[in-house]
Amino acid sequence: MATHRTKMLIIGSGPAGYSAAIYGARAAMEPIVVQGIQPGGQLTITTDVENYPGFRDVIQGPWLMEEMKAQAEHVGTRMMWDTIVEVDVANGSPFRAVGDSGDEYIGDTLVIATGAQAKWLGVPGEQELGGKGVSACATCDGFFYRGKKVAVIGGGNTAVEEALYLTNHSDDVTLIHRRDELRAEKILQERLFKSDKITPMWNQTVERFVPGENGALHHLELRNTETGETSTLEVDGAFVAIGHAPSTELFKGKLPMDDSGYLLVAPGTPKTEVAGVFACGDVMDHVYRQAVTAAGTGCMAALDAERFHAGLEIELDGHAHEAEAAE
Ligand code: NDP
């Protein structure tokens, strides 16, 4: 069991974690990234990416994450193939974390970039057809269904926003909800009901995603939650929008969170309540949730961590001088 020390310990390896690492390394913070169970994060389960700035041609999500990782390593980041299972922030800097390898990590600053996971329905065909018609991100994949029939599943803000977004690409959007009333904010509901491109389907659950002969999604099997009646709906794309869950299990009772479990930060900053602990990317952002915004807040976290560290060193020096004077 080894102990690894760093000025900047980064937990999580999506665009937020890697961006924090790139900035941290260039500021001589000698960062360590503990990659977690899904190195590269949510982008590794998407395929085509067309909205990350800087690439005129379509790029692949996993490739983009490999490039970010390589860039972070190139400027001096240490990557650890480990998953943090325990974190201690109660005593202030330095912060201690333990990996499931048994290794211990000590960071003068801590950057939390553990991300979020889209929730899935967990019904047959859903995972198998991921990237072949089934998606959890209309902003990422909606463009590929230009002029095609699509469905969105869910009744919250995300589902309604995704349905509205999809009308930019498709004239035939069905919103499938398990009740007869939406949870989404009224203003979003009004926009939805005004659109002649969106048809709501009430009291329906998706029982199965069924492929066609080409292996891509062909139709949905539905069940009426009131009558139990079953039916099918032919679609080219289906977007599951039943919420996201931030990966914050590690920090329960240790850092303030909102009701959905997202880490709370001081407005407009990545600063958590604990000085020296920063949160960036989807773990603190339930609104934008884009690779580019995650990268942006990762950069902010690194810059603030660097500033904190500079302050910390001055403070520690101060203590050292006081100690010398007292002798
Ligand atoms: P929500 O939890 O608000 O909504 C989830 C929706 O999915 C609900 O309608 C729920 O149905 C439905 N659902 C959940 N599980 C299942 C299931 N197993 N089968 C079928 N349907 C299911 O999640 P959102 O992602 O929409 O929003 C999360 C948070 O983020 C909210 O606080 C929201 O306000 C916020 N947000 C804000 C935005 C904004 O301000 N612009 C944009 C997007 C999100 P039911 O209603 O029956 O429970």
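Just so it is clear, none of the values below were taken in a lab; they were calculated from the coordinates. Please read these numbers as outputs of a predicted model, since none were measured by experiment. Positions of Cβ are backbone-derived with ideal geometry, glycine not excepted, and every protein chain shown enters the neighbour counts.
Amide H to amide H distances under 5 Å link ALA151 with THR174, GLY237, ALA238, PHE239, where only residues 5 or more positions off or on other chains count and H is placed in the peptide plane. Taken about its Cα centre, the chain carries a charge dipole of about 700 debye when Lys and Arg each add +1 at the Cβ and Asp and Glu each add -1 at the Cβ. Scoring 125-135, 25-35, 7-17 by mean Cβ neighbours within 10 Å over their residues and listing the highest first yields 7-17, 25-35, 125-135. If both residues of a DSSP beta bridge must be in the chain, then about 45% of such bridges are antiparallel. The long axis of helix 291-326 is offset from the longest Cα principal axis of the chain by roughly 20 degrees.
Sorted fewest first by neighbouring Cβ atoms within 10 angstrom, VAL235, VAL87 come out as VAL87, VAL235. The alpha-carbon positions of the chain define a convex hull whose volume is 153 Å³ per residue.
Given Cβ point charges of +1 (Lys, Arg) and -1 (Asp, Glu) and nothing else, what value in debye, to the nearest 20, does the dipole of the stretch 134-240 about its Cα centre take?
Working: 12 positive and 17 negative charges, 42 e Å.
So the magnitude is around 200 debye.
Contact order, relative form, for the stretch 134-240: 30 percent (alpha carbon pairs under 8 Å, 6 or more residues apart, mean separation divided by residue count).
Extending 7 Å from the Cα toward the beta-carbon at both SER231 and GLU213 defines two label points whose distance is 2.7 nm.
Loop-located chymotrypsin sites (Phe, Trp or Tyr not before Pro) in the stretch 74-177 (DSSP state other than H, G, I, E, B) with a sparse environment of at most 11 neighbouring Cβ atoms within 10 Å: TRP81. In the elastic network of the chain, a GNM with C-alpha springs shorter than 10 Å, the most mobile of SER195, SER170, SER19 is SER195.
By the gyration tensor of its Cα atoms, with a ≥ b ≥ c the square roots of the eigenvalues, what is the shape of the stretch 134-240: rounded for a/c under 1.5, prolate for a/b over b/c, or oblate? Write out the running numbers ahead of the final one.
Numbers: a/c = 1.93, a/b = 1.09, b/c = 1.78.
Oblate is the answer for the stretch 134-240, as a/c is 1.5 or above yet b/c matches or exceeds a/b.
Against the chain, whose longest principal axis comes from its Cα atoms, helix 15-26 is set at around 30 degrees. In sequence order, the stretch 76-91 has phi-based couplings of x, 7, 9, 9, 10, 7, 7, 10, 6, 10, 8, 9, 10, 10, 5, 9 Hz under the Karplus curve 6.51 cos²θ - 1.76 cosθ + 1.60, θ = phi - 60°, and Gly or Pro positions carry x.
Short-range pairs are left out: with C-alpha atoms under 8 Å and at least six residues apart, the relative contact order of the chain is 20 percent. Computed from Cα positions, the angle between helix 61-74 and the longest principal axis of the chain comes to roughly 10 degrees.
Mind telling me which of HIS74, HIS286, HIS219 comes out most flexible in a GNM of the chain, alpha-carbon contacts under 10 Å? Largest GNM mean-square fluctuation: HIS74.
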